[in-house]
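Here's the structure we're looking at; comments come further down.
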Amino acid sequence: MLLFDQSGTVPVQGLHRAPTGTPSREHMVRTEQVRLLYTLAPAGLLASLLVGIIVAFVLQEAAPAPLAHLWVTGLVVTALLRFFLIRQYHRMGAAGQSPAQWRRWYCGSCLLNGVIWGGGGLILASYGDLTQQVFLVLILGVVLGGTLSTMTAAPLSFIAFLIPALLPSLVWFLGRADHIYQAIGAATVLMAGLLVVTAWHLHRQLVRSLTLAFENYDLVHDLSAAKDQLEGANRELAAEIDERRRTGERLVERENHLRTIINSEPECVVLLARDGTVLDINPAGLAMLEASRAAEVIGRGFLDFLLPTYRPALRELLDLVFRGQPGKSQGLEMSGLLGRHRWLELHAAALRDARGHVASLLCVVHDITQRKRQAEEALFREKERVQVTLESIGDGVITTDVHGRIEYLNPSAERLTGWRNGEAHGKPLLEVLNLVDEATRTPVQDPVVRCLREAENVCLVAPALLLHRYEDREFAVKITAAPLRARERQVIGAVLVFHDVTELRTLARQMSYQASHDVLTQLINRREFETRLRQALVSARESSREHALCYLDLDQFKLVNDTCGHGAGDELLRQLAARLKADIRDRDTLARLGGDEFGVLFQDCPLGKARELAETLLRAIRDFRFSWRQQVFEVGASIGLVPVSAHSGDFAEIMSAADSACYMAKERGRNRLHVLQDDDADLVRRHREMQWAHQIQHALEDNRFQLYFQPIITLAPDCGSQIHHGELLLRMVGEDGGLIPPRVFLPAAERYNLMAEIDRWVLDAACAALRAGHPMLKDLETCNINLSGHSVGDGAFIERLKANLRGAQVAPQGLCFEISETAAIANLSSAMGFIRELRGLGCRFALDDFGSGLSSFAYLKTLPVDYLKIDGSFVKDMINDPVDHAMVDAINRIGHVMGVKTIAEFVEDGTTLERVRRVGIDYAQGFGVGAPCRLDS
């Protein structure tokens, strides 16, 4: 029997494992799942019958007697069938059928049982009153819940039971116009969804436990590897024999499938021998040859059906295919048995035997009679269409003979060249088509001469200008030339097409400018600026050149925008951009990066010189005055400056460093310049925090956080230091597997707004441990969980807590949330509402690090908390510092006056423990009481 120990894993002794060498561990896991499924099935069957008896009594009162009797009969018959299936499995076991087959039979029995229950549900929903219908939903929930516990090993069986069991009554409820029924239906859908999710989750846990157990088993049995290898070889040989047998069966099956496909193919498919004799043919082929039976065709030569003129071509094609080359022939004319003529297109491929020799030919024959007739008609129409098209298209078209002399100009060519068709006939191309290079104004080489010489298409890549014959005009043209070929593919001339792209070139130049410039300020935009910065990085690394990047953010722009509107803000940016552009060197790049942010790339400029230039820009901005409708504004800027050298990082790092330097300029008072230095502690700290923020994101994605438990003991004289409380502490696991304490990564999480995500992870993990009945937590009165200020007042966190309380079946009285005094005071109104709502659910609250703020006692009476955690900075030195001792005593007395329990943190030794006991503090926590221990250890 499959048993689970307290850790949730499967002990090896409980597994019915196949010998070493079976096809895969996945197969063994599936076998064990099936065994578990059938082991638990009798309990589910008995429960289903007992619940069915209850439902039967209700049906007799609510529904017509025949329907109730029919349902009871179906339930009993289904139970007998399931009992027979379970009995057969226990008699035959895995030796009788494959696990997949036993699973499918069990799934089928669940489906049948679901149909019976679904029918009963539909009867009760249709004939019962509202009370009986609610009873129906409850009964179905009970049945599904019980079924879930017995079908963890096969969630598909559970779904096979769930869908037919719920669907009829669900459709009935949702189809009613009454909102009560629709609400019942919606609740039923929610219940079903939760059950399905639970089933999949339990199934994954079971599979993981089984897999781990089998892995442990493999490790134990590695000592007998020689024997296992021999047995494995025998099993592999048997498996290979079985696989070959199955392969043979599959080949037969595939051959039958292929025969079905060929027979259903609407085109003629015929199998020919080497001499062209018909060996087999499909029904479509019989119809094409006008035969009623295959015997009229098989054995005859396929060439006999062709007209004599086309037989040599087909004979040559068949010989070619027999030599191993693919073959295709079109335009073959044949005559059927009844004399009807058709045009054919034939595709042939060689079929080889086991030795690789060509044994026969598979031919697919298409009737192209209608297509040929349509093609001939289309050819005539196409000729007319081409002529009309050439007369009407806007592109110039010139055709020449094989010597490059003009034969035809269309009207567009006449308009662009200034030559009439009759005048140009017989002249060399370049005498009519006066082309010059757009950049050099030199004559362009004749593209037709090259096209005729190379017998391939030619496209002029360099921009060309076409000069008009008479008018002082020129056109930018795109020119292509292509050879004209006869039926035998020999070149008989050329066609030259030239497209007037004058407007397109002008538009392209405009678009190129707009793509690289800011529309408002006409400065380089961010995209072009990044391109130039990347080029500067390359030059710095390859040529050891020195550049500098300046990141500029206006300080008073929002004031102008909010006071005078966006129109004023836009005008300010335009004027300031013009002012800055006048103060930079010609080789430097000034760009608007977005909003009120600008960037300057100082080319070939050491850092010292760049600093002088940046100071010049800063002075220019300080001296700038913006006037708008009798209002004058002063504008400042925060500027960050970083070097761009061979030792700089990549593009992203340089931009980030410049942004950080600008940020530091803002933090240090705005309207100033901050230059990145190697020993810039603030910038280094911010960069480190950014790196930690990325690591925290990855840790959240990879679930690389761990909970640690630290006990909180009771100090009451009659309790003997019992552990009734404890706090869950957070640790992060680094990418190298090492533990990272919270003091290292939490500052970055606070700065980059990641604390809410961390709080949600801790809440979910804590509730999961409480639900699992972890040995460290199951006997606690309260389990303390830390919350950051980001979650205080967060409605989404409250909803997540409610969902966890429902799903984890955790008593809210067992949860105590710790919030720091600083976070509570910073969001006092939100904190008060947050605490009251969670206490309304039954949760408790502790005020952490109490006494660290200057207004601790003033705010204490406004916060409805259950515990005060006295700040550890007072507790750890209270033995030697009378002031700290007095603070601890005062906080304890005030807390007790207000009916709040007190907890002393940082109790590091027995002396301190005894002192806080004498002071009268209720609880103690610290290394002197108990060190933090990993929750899953």
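At a glance:
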{"item": "Residue match in the range 428-447 (condition: part of a loop (DSSP other than H, G, I, E, B), polar (S, T, N, Q) and open to solvent by less than 30 Å² (accessible area, probe 1.4 Å))", "result": "no"}
{"item": "Criterion (touching a Phe, Trp or Tyr at 6+ places or on another chain (Cβ under 8 Å) and not charged (D, E, K, R)) met by exactly one of Gly404, Gly396", "result": "Gly396"}
{"item": "Residue check for Gly422: of a type in the set (Gly, Ala, Ser) and open to solvent by 30 Å² or more (accessible area, probe 1.4 Å)", "result": "yes"}
{"item": "Residue check, Leu289 within 20 Å of Arg352 (Cα to Cα), of a type outside the set (Lys, Arg) and either open to solvent by 30 Å² or more (accessible area, probe 1.4 Å) or in contact with a strand residue (DSSP E or B) (Cβ under 9 Å, 6 or more places away or on another chain) (or both)", "result": "no"}
{"item": "For Glu265: the one exception among (1) at pLDDT 85 or above; (2) more than 30 Å from Glu32 (Cα to Cα)", "result": "(1)"}
{"item": "Matching entry among Gly833, Gly807, Gly814, Gly793 (being more than 22 Å from Tyr708 (Cβ to Cβ) and over 37 Å from the mean Cα position of the chain (by Cα))", "result": "Gly833"}
{"item": "Inter-residue pairs, beta-carbon under 9 Å, first small (Gly, Ala, Ser) and in the range 299-311, second open to solvent by 50 Å² or more (accessible area, probe 1.4 Å) and assigned to a loop (DSSP other than H, G, I, E, B), 6+ apart", "result": "Gly301/Asp275"}
{"item": "Yes/no for Glu255 being outside any loop (DSSP other than H, G, I, E, B) and under 18 Å from Ser360 (Cα atoms)", "result": "yes"}
{"item": "Of residues in the range 376-398 being of a type in the set (Gly, Ala, Ser) and modelled with pLDDT of 80 or more, the one farthest from Ile479 (Cα to Cα)", "result": "Ala378"}
{"item": "Filter pass, Leu559 being touching a strand residue (DSSP E or B) at 6+ places or on another chain (Cβ under 8 Å), over 16 Å from Gly649 (Cα atoms) and surrounded by fewer than 21 Cβ atoms within 10 Å (Cβ to Cβ)", "result": "yes"}
{"item": "Qualifying position, being assigned by the TED database to the domain that holds His724, more than 27 Å from Gly930 (Cα to Cα) and not in a helix (DSSP H, G or I), among Leu838, Leu847, Leu863", "result": "Leu863"}
{"item": "Residues that are free of Cβ contacts under 8 Å to residues at least 60 places away in the same chain, open to solvent by 80 Å² or more (accessible area, probe 1.4 Å) and in a helix (DSSP H, G or I), drawn from the range 508-544", "result": "Arg509, Gln510, Met511, Tyr513, Gln514, Arg527, Gln535, Glu542"}
{"item": "Spans of strands (runs of 3 or more DSSP E) in the range 314-368 with at least 3 residues under 17 Å from Val270 (Cα atoms), within 47 Å of the chain's Cα centre (by Cα) and at pLDDT 85 or above", "result": "341-352, 358-367"}
{"item": "One residue from Gly74, Gly118, Gly108, Gly114 being in contact (Cβ under 8 Å) with a residue 40 or more places away in the chain, part of a helix (DSSP H, G or I) and surrounded by fewer than 18 Cβ atoms within 10 Å (Cβ to Cβ)", "result": "Gly108"}
{"item": "Tally, over the range 739-764, of residues that are surrounded by fewer than 18 Cβ atoms within 10 Å (Cβ to Cβ), assigned to a helix (DSSP H, G or I) and hydrophobic (A, V, I, L, M, F, W, C)", "result": "3"}
{"item": "So Val642, is it aliphatic (A, V, I, L, M) and open to solvent by 70 Å² or more (accessible area, probe 1.4 Å)", "result": "no"}
{"item": "Some residue of the range 499-507 being in a loop (DSSP other than H, G, I, E, B) and among the β-branched types (Val, Ile, Thr)", "result": "yes"}
{"item": "Candidate set: the range 771-827, residues that are among the hydroxyl-bearing types (Ser, Thr, Tyr) and within 20 Å of Pro747 (Cβ to Cβ); chosen: the one most open to solvent (accessible area, probe 1.4 Å)", "result": "Thr822"}
{"item": "Unmet criterion (only one of (1) crowded, with 19+ Cβ neighbours inside 10 Å; (2) of a type outside the set (Phe, Trp, Tyr); (3) without any contact (Cβ under 8 Å) to a residue 60 or more places away in the chain) for Leu554", "result": "(3)"}
{"item": "Members of the range 457-498 that are open to solvent by 80 Å² or more (accessible area, probe 1.4 Å) and in a strand (DSSP E or B)", "result": "Glu474, Lys478, Arg485, Ile492"}
{"item": "Residue identified as at positive phi, basic (Lys, Arg) and within 58 Å of the chain's Cα centre (by Cα) among Arg441, Arg453, Arg415", "result": "Arg441"}
{"item": "From the options Leu317, Leu307, residue that is surrounded by 12 or more Cβ atoms within 10 Å (Cβ to Cβ), out of contact with any Pro (no Cβ under 8 Å at 6 or more places or on another chain), in the same structural domain as Ala349 (by the TED database) and closer than 16 Å to Val365 by Cβ", "result": "Leu317"}
{"item": "Residue in the range 837-848 that is at negative phi, open to solvent by 60 Å² or more (accessible area, probe 1.4 Å) and small (Gly, Ala, Ser) present", "result": "yes"}
{"item": "Residue pairs meeting the criteria (Cβ under 8 Å; at least 6 apart or on separate chains; first outside any helix (DSSP H, G or I), in the range 570-583; second open to solvent by less than 80 Å² (accessible area, probe 1.4 Å))", "result": "Asp583/Thr616; Asp583/Leu617; Asp583/Ala620"}
{"item": "Candidates Leu618, Leu549, Leu613, Leu580 - the one that is out of contact with any Phe, Trp or Tyr (no Cβ under 9 Å at 6 or more places or on another chain), under 20 Å from Val644 (Cβ atoms) and either in the same structural domain as Asp659 (by the TED database) or of a type outside the set (S, T, N, Q) (or both)", "result": "Leu618"}
{"item": "Single match in Val358, Val270, Val365 (criterion: of a type in the set (Val, Ile, Thr) and open to solvent by 10 Å² or more (accessible area, probe 1.4 Å))", "result": "Val358"}
{"item": "Members of the range 292-318 that are touching a strand residue (DSSP E or B) at 6+ places or on another chain (Cβ under 9 Å) and of a type in the set (Asp, Glu)", "result": "Glu316"}
{"item": "Among residues of the range 143-167, those that are surrounded by fewer than 19 Cβ atoms within 10 Å (Cβ to Cβ) and modelled with pLDDT of 70 or more, counted", "result": "3"}
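The values are calculated or read from the model by the stated rules, or taken from the named source; none is laboratory data. Everything quoted here is computed from the prediction, not taken from an experiment. Here the Cβ is made from the backbone with ideal geometry for all residues, glycine too, and neighbour counts use every protein chain on show. What goes into the accessible areas is simple: the full protein's heavy atoms, side chains included, and nothing from ligands, DNA or RNA. Shrake-Rupley method; radii C 1.70, N 1.55, O 1.52, S 1.80 Å.
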